[in-house]
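Q: Okay, handing you the structure first.
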Ligand SMILES: Nc1ncnc2c1ncn2[C@@H]1O[C@H](COP(=O)(O)OS(=O)(=O)O)[C@@H](OP(=O)(O)O)[C@H]1O
């Protein structure tokens, strides 16, 4: 009798100790293991999985960043990369190196989802490329980090920006694409600013070795997501996985979406709309029509920017109109 009492006390103490350790892990945000899950999954394979999660799952710093450019398909790229079992990412943008740097690296790490050692964490904040100070912070954080940059035809980027800005305005304040471009008599500055990919890239090249960059085109991602994602996966160094049947072109949305029946869909949580597997409504909006005259003016103004981009990156972009 005494023996059984001692054994049960010992067991109780062990359980309390285990729960205590779990709680500490939870509090410090370093593990996905929870005592509730533990109780729910006491037996068999589930216990095995939880045990290994407990040992290996940690919030890890990103080894790759998608740093630009805003409105160039960065969200689609990240969502589609996430279907790979070895890629994890936080959602939405973290803005750590640009806006929250003072919160410290530990804060940054806690924004990351838990991952195992064979997974790679990828963070995307599309505006990181825009400021040299932000890029320097990234270099100080990890000089070997992989950097992905998405680029887009300046004309469609401007249309996308216009759709994004007007969507947020109350109806009476909404402007046509043309009025927005000419607002404050700043047509030239506006078009040049949003077409000038070369200046931020040049600055980034002064900080990081060129080999750490991957440039992808929004147009390619839109037309052939499998090829673009394969290229990004190779750059990230993750094993290649079969992506047949992963994407389905959604006629209503006018974009490729994830196949609703794909097993990765539940894991993408809030990254895609689970009713159709597409990116949320604020990605892939309808753009304004544009007159030939306005198109010519935009192209004329932005052409030198595109030519500079080609010189700086030594790449061809083959964008329509240029
Ligand atoms: N598959 C798919 N689904 C939805 N949207 C897609 C897709 N592929 C590319 N795109 C284009 O991505 C544009 C948004 O770019 P970003 O995600 O970089 O925008 S943001 O800077 O993060 O706000 C978004 O711009 P808008 O069309 O203006 O919404 C899309 O044109």
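Q: Does the stretch 146-154 include one or more residues that are out of contact with any helix residue (DSSP H, G or I) (no Cβ under 9 Å at 6 or more places or on another chain) and either part of a strand (DSSP E or B) or surrounded by fewer than 16 Cβ atoms within 10 Å (Cβ to Cβ) (or both)? Walk me through how you get there before you give the answer.
A: Kept after step one, since they are out of contact with any helix residue (DSSP H, G or I) (no Cβ under 9 Å at 6 or more places or on another chain), are these residues of the stretch 146-154: none.
Within the stretch 146-154, not a single residue is out of contact with any helix residue (DSSP H, G or I) (no Cβ under 9 Å at 6 or more places or on another chain) and either part of a strand (DSSP E or B) or surrounded by fewer than 16 Cβ atoms within 10 Å (Cβ to Cβ) (or both).
Q: Taking the condition over 28 Å from residue 236 (Cβ atoms), touching a helix residue (DSSP H, G or I) at 6+ places or on another chain (Cβ under 8 Å) and either more than 16 Å from the ligand (Cβ to nearest atom) or modelled with pLDDT of 95 or more (or both), does residue 173 pass?
A: In short, no.
Q: Test residue 136 against the criterion of being within 24 Å of residue 220 (Cα to Cα) and either away from the ligand (no atom under 16 Å from the Cβ) or assigned by TED's automatic domain parsing to the domain that holds residue 307 (or both), and give yes or no.
A: Judged against the criteria, residue 136 is not a match.
Q: Of (1) in a loop (DSSP other than H, G, I, E, B); (2) within 15 Å of the ligand (Cβ to nearest atom), residue 207 satisfies all except one. Which?
A: Result: residue 207 passes all but (2).
Q: Just give me the residues in the stretch 252-266 being in contact (Cβ under 8 Å) with a residue 60 or more places away in the chain, over 17 Å from the mean Cα position of the chain (by Cα) and farther than 10 Å from residue 278 by Cβ, in sequence order.
A: Listed by number, the list holds a single entry, 262.
Q: Would you be able to say whether some residue in the stretch 111-121 is free of Cβ contacts under 8 Å to residues at least 60 places away in the same chain, in a strand (DSSP E or B) and more than 14 Å from the ligand (Cβ to nearest atom)?
A: yes
Q: Could you check residue 241 against (1) in a helix (DSSP H, G or I); (2) at pLDDT below 95; (3) closer than 17 Å to residue 77 by Cβ and say which number it fails?
A: (1)
Q: Residues of the stretch 269-294 being away from the ligand (no atom under 13 Å from the Cβ) and either part of a loop (DSSP other than H, G, I, E, B) or modelled with pLDDT under 90 (or both), which ones?
A: Listed by number, the residues that qualify are 269, 270, 274, 275, 289, 290, 291.
Q: Please enumerate the residues belonging to the stretch 240-250 that are within 13 Å of the ligand (Cβ to nearest atom) and surrounded by fewer than 18 Cβ atoms within 10 Å (Cβ to Cβ).
A: Passing the criteria: 248, 249, 250.
Q: Scan the stretch 305-316 residue by residue and report those that are in a helix (DSSP H, G or I) and free of Cβ contacts under 8 Å to residues at least 40 places away in the same chain.
A: Across the stretch 305-316, the qualifying residues are 307, 310.
Q: Restricting to the stretch 155-164, name every residue that is out of contact with any helix residue (DSSP H, G or I) (no Cβ under 7 Å at 6 or more places or on another chain) and surrounded by fewer than 21 Cβ atoms within 10 Å (Cβ to Cβ).
A: If the condition is that a residue be out of contact with any helix residue (DSSP H, G or I) (no Cβ under 7 Å at 6 or more places or on another chain) and surrounded by fewer than 21 Cβ atoms within 10 Å (Cβ to Cβ), then 156, 163, 164 are the ones that fit.
The values are calculated or read from the model by the stated rules, or taken from the named source; none is laboratory data. In this text the structure is predicted, and so the values were computed from the model without any measurement. All Cβ positions, glycine included, derive from the backbone under ideal geometry; neighbour counts span all protein chains shown.
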